[in-house]
Amino acid sequence: MKNFPSADLLAGHRNHRGIIDDPLARQLRTQAAEAADRHWHTLQAVAWEETAAQLREHIVAQTGVAFYPQLPLLLKETKRIPLQGLTVAAIRYQTLPDVFATASLYIPSGEGPHPGIVLTHGHWEGARNSVLFQEVAQYIARHGYVCLVPDAWGAGERSTVAGVEEYHGSNLGASLLNIGKTLLGMQVTENIRAVDLLCTLPYVDHDRIGATGASGGGNQAMWLAALDTRVRAVVPVVSVGTFQSYIMNSNCVCELLPGGLTFTEEAGVLGLIAPRALRVINAGEEANPSFMPAEMQRSYRYAQPIFEQLDVGNHIDHQVIAGTHGYNVAMQASMIAWFNRHLKQRPANEPPLPVSAAEIRSAGELATYGPGAREAAVQTTATFCTGEGHRIREALMQVSSIEPEKKKHRLRQLLGLQEAQLRQVNPQLVTDGRQAVQLITASGNVLPIWLKQPANPAAGIAVLVHGQGRDRLPASAVSDITAEGKGILTLDLWGTGSHGSVTATQIDGKLSPHHTLSRSMLWLGQTMMGQWAGELCLAMQWVQSQYPEAAIQLTGFREAGLAALYAAPFTPLPSKITVVDTPVSYLFDTAEGVDHYNMSVHVPGILPWGDIGMLAALANGPITFRNPCTLSGRPLDATALRAHWGFFKTMQRIADRQVDVRFE
C-alpha cells in the first residue's frame with residue numbers, strides 16, 4: 001500500500017489517553033482524506049461540461065453498467081390488487097438478456113399520462129414489499145405518479161431461495177467482482193431498465209421521470225440519475241455522504257465503486273445530475289457515520305457550484321429533517337413537493353395534498369410469484385455468477401495464445417500490486433529460538449515476521465502463512481518442518497493477527513471477516529490479495545538476503561494460499577509453493593458455503609483475466625494443491641479435479657509455459 005504513515009504492530013492498543021489506536025484504520029483513512037482533497041480541489045477548477053462525459057465513461061467502466069435499449073422487456077403481470085385511489089400490479093420484466101426482475105407497479109386512478117417514479121428500496125426486510133416501501137409507494141401514487149418499485153438485485157423475491165430473506169452483500173454480492181461485475185453496476189443496469197419500462201407504459205409521460213429511495217435505495221437513485229439523463233428529478237434519502245466517509249465505516253458492497261476514490265468523490269456524482277433537479281435529504285438523528293448530515297453537506301458544498309456553473313443553481317437543494325435513518329412522513333412530503341415542482345411545474349411553496357393512510361398488505365399477497373412458482377429466468381446472484389463463470393471459462397479455453405508479460409502487467413493492475421521497498425529492519429526479542437522482526441517499507445507499512453533459524457541452512461527455510469493469522473497455522477505443519485531441520489518464517493498478513501484492525505473487526509460484526517478492510521481497499525484501487533502478495537514477496541526477499549544459499553519453500557493455508565499464487569508470477573522465489581485447503585478456481589460454486597472464505601479473496605475481473613489456472617501457468621516454480629476445493633470450500637471429486645486439471649494445462653499451452661502443478 002502507498003502513502004502509509006508509520007504503523008504500530010498491534011491491531012489496536014490504548015494510548016496514554018485510553019483511546020484505542022488502530023494503525024490500519026488510520027492508514028486507510030489518511031489515504032481516503034488525501035484522495036478526497038485532491039478530487040474536491042479538481043471539482044472547483046474544471047469546466048464541468050468537458051468533464052462530465054469522461055467521468056460517466058469511467059464510472060460505467062468501473063461498475064460494469066450495461067445499457068440494453070433494444071432488449072425486449074417481456075413484461076408479465078401476475079396479479080392486480082385494488083387499493084383506495086390506486087392499483088398495485090405484481091410484475092416481472094427482462095433487465096438483462098435472459099434475466100428477469102420482480103417488481104410492483106403502483107398505478108394511480110385516472111387516465112393519465114402520469115409522471116413516473118422509480119422507487120428503490122434499501123436494506124429493509126421484505127425488500128420492495130416491506131412496510132416502509134409500501135407506505136412510500138402508495139404515498140407517491142396517491143399524489144398522481146406511477147411508481148415502479150423493483151426488487152433490487154439479490155433481494156426480495158430474487159434471493160437464493162425464493163421467499164427466504166438473505167443479505168445480498170458480503171461475500172455473496174462480492175462474488176460478482178470475480179466475474180468482472182459489481183453489485184452496484186448490476187443495480188444501476190436494472191434501474192435503467194426500470195426507466196425503459198416506465199417509458200413504454202401508455203399511462204406514463206416519459207418526459208417526466210423521477211427517482212427516489214432511502215439508504216442503499218437512495219444510493220441507487222443517485223447513481224441512476226447520474227447515468228440516465230431521462231431522470232428529470234431525483235431525491236436520494238439518508239444515503240448521501242462522502243466517499244471518504246465510506247472508508248472504515250459500515251457500508252454494503254452494493255454501495256461500492258471499485259477504485260472510486262482514485263478518480264472522483266461523491267460530489268462529482270451529484271454534479272453529473274446537473275442540470276436536472278436534485279434534492280438531498282438526510283436525517284437529523286442519523287447513526288451511520290457515512291450518512292451524517294455533515295458528510296452530506298461536504299458533498300453538497302462542492303456539487304452546488306457545478307449547478308451554478310450551468311445556470312441552474314435552483315435545481316439543487318438539501319435538507320436535514322428530524323428523525324432517524326429511514327423515510328419518515330416529513331421526508332416523504334419534502335420528496336413529493338420536489339417532484340411536484342420539477343415534474344408537474346407546481347409552485348415551489350405549494351404543500352402536498354393530504355392523502356389517505358397506506359393500506360399495508362402482506363409480502364406474500366403482493367408477491368409476483370406464489371410459493372415454489374418462481375421462474376428460473378428470475379436469476380439470483382448464485383445462478384448468474386455460476387452461468388457467467390462457466391461461460392467465461394469456456395471463452396478462455398478458446399484463446400490461442402497470450403503474451404505473459406502483458407498478462408502479468410494486467411494482473412498487477414487488477415491487484416493494485418505495488419513493489420514494496422524495504423526501508424528499515426527492526427529486530428525484536430528472541431524467544432524459544434525464534435526472532436521477531438519488523439520489516440518497515442519505504443511507504444511506512446510494518447510487516448511483522450518471526451524467524452526460527454534453520455539447524456542447517458542447506459536444509460532450507462519454509463515460509464508458512466495462514467489467511468486468518470499465524471496463530472491458526474496447524475501445529476503439525478510446524479513440527480514436520482522442524483523435524484526436517486528447516487528454518488521457519490511465519491508472518492501475520494495485513495489485516496490478520498497482530499497486523500489486524502480492531503476497528504474493522506467491530507464493524508464487520510456478523511458479516512464475513514475482512515468485509516470492512518477489503519471494501520475500503522477496493523475504494524482506494526487496491527485489494528487485500530495484492531497487499532498480501534506484496535508482503536509475501538518482501539518477506540521471501542528478506543529471508544533470502546539473510547540466507548543466500550538456502551532454498552525457500554512457501555506454504556499458504558486457506559486464503560493465504562491464494563496470496564501465494566498471486567505472488568508466484570512476480571518473484572523467482574520460492575523454489576516450491578504448496579497451497580492447502582485453497583480454492584482451485586474462482587468459479588462460483590454454491591451460495592450455501594459462500595462465506596467459507598473471508599472477503600480477502602475477491603479480485604475484480606480475475607475470472608476473465610484467466611482464473612487460478614493462469615496464475616499457475618505464470619508461476620516461476622512448481623505448485624502443489626493439497627486438499628484443493630471449490631470457492632465455497634467443498635472438496636472436489638475425481639471428475640471435477642480432472643476438469644480443472646484440463647483447464648490448468650490449457651492455460652499453460654496458451655502461455656507457452658510448462659509448470660509442474662499437482663493436485664493432492
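The residue that is nearest to VAL118 (Cα to Cα), counting only those in region 213-239 that are of a type in the set (Gly, Ala, Ser) and in a helix (DSSP H, G or I), is ALA221. On the stretch given as region 614-664, residues that are charged (D, E, K, R), more than 19 Å from ASP581 (Cα to Cα) and not in a loop (DSSP other than H, G, I, E, B) total 2.
Conditions tested, residue by residue: (1) outside any helix (DSSP H, G or I); (2) out of contact with any strand residue (DSSP E or B) (no Cβ under 8 Å at 6 or more places or on another chain).
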| position | (1), (2) |
| --- | --- |
| ALA533 | no, yes |
| SER545 | no, yes |
| LEU565 | no, no |
| LEU573 | yes, no |
| PHE588 | yes, yes |
| GLU592 | no, yes |
| HIS596 | yes, yes |
| PRO604 | yes, yes |
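Scanning region 547-563 for residues that are surrounded by fewer than 24 Cβ atoms within 10 Å (Cβ to Cβ) and either out of contact with any strand residue (DSSP E or B) (no Cβ under 9 Å at 6 or more places or on another chain) or among the small types (Gly, Ala, Ser) (or both) yields PRO548, GLU549, ALA550, ALA551. Just one of the listed residues (ARG158, ARG193) is in contact with a strand residue (DSSP E or B) (Cβ under 8 Å, 6 or more places away or on another chain), over 18 Å from GLU592 (Cα atoms) and of a type in the set (Lys, Arg), namely ARG193. When region 29-54 is filtered for residues that are of a type in the set (A, V, I, L, M) and at pLDDT below 95, the ones remaining, listed by number, are LEU43, ALA45, VAL46, ALA47, ALA52, ALA53. Do we find a residue being closer than 25 Å to LEU489 by Cα, touching a Phe, Trp or Tyr at 6+ places or on another chain (Cβ under 9 Å) and assigned by TED's automatic domain parsing to the domain that holds MET521 anywhere in region 408-415? Yes; the residues of region 408-415 include at least one that is closer than 25 Å to LEU489 by Cα, touching a Phe, Trp or Tyr at 6+ places or on another chain (Cβ under 9 Å) and assigned by TED's automatic domain parsing to the domain that holds MET521. Would you be able to say whether some residue in region 82-100 is in contact (Cβ under 8 Å) with a residue 12 or more places away in the chain, among the aromatic types (Phe, Trp, Tyr) and outside any helix (DSSP H, G or I)? Yes: one or more hits. Residues of region 494-501 include at least one that is in a loop (DSSP other than H, G, I, E, B), among the β-branched types (Val, Ile, Thr) and touching a residue at least 12 places away in the same chain (Cβ under 8 Å). Would you mind stating whether GLY525 is within 22 Å of the chain's Cα centre (by Cα), part of a helix (DSSP H, G or I) and either surrounded by fewer than 23 Cβ atoms within 10 Å (Cβ to Cβ) or not hydroxyl-bearing (Ser, Thr, Tyr) (or both)? It is false that GLY525 is within 22 Å of the chain's Cα centre (by Cα), part of a helix (DSSP H, G or I) and either surrounded by fewer than 23 Cβ atoms within 10 Å (Cβ to Cβ) or not hydroxyl-bearing (Ser, Thr, Tyr) (or both).
Taking the listed residues LEU73, LEU55, the one that is part of a loop (DSSP other than H, G, I, E, B) and under 29 Å from the mean Cα position of the chain (by Cα) is LEU73, with no other qualifying. Counting only helices (runs of 4 or more DSSP H) wholly contained in region 284-402, the ones carrying 3 or more residues that are outside the structural domain of PRO108 (by TED's automatic domain parsing) occupy 381-396. Out of all the residues in region 119-129, is one or more at positive phi and of a type in the set (D, E, K, R)? Taking every residue of region 119-129 in turn, none turns out to be at positive phi and of a type in the set (D, E, K, R).
The values are calculated or read from the model by the stated rules, or taken from the named source; none is laboratory data. Only a predicted model underlies this, so the values are computations on that prediction, with no experimental measurement involved. Every residue, glycine as well, gets a Cβ built from its backbone with ideal geometry; the counts of neighbours run over all protein chains shown.
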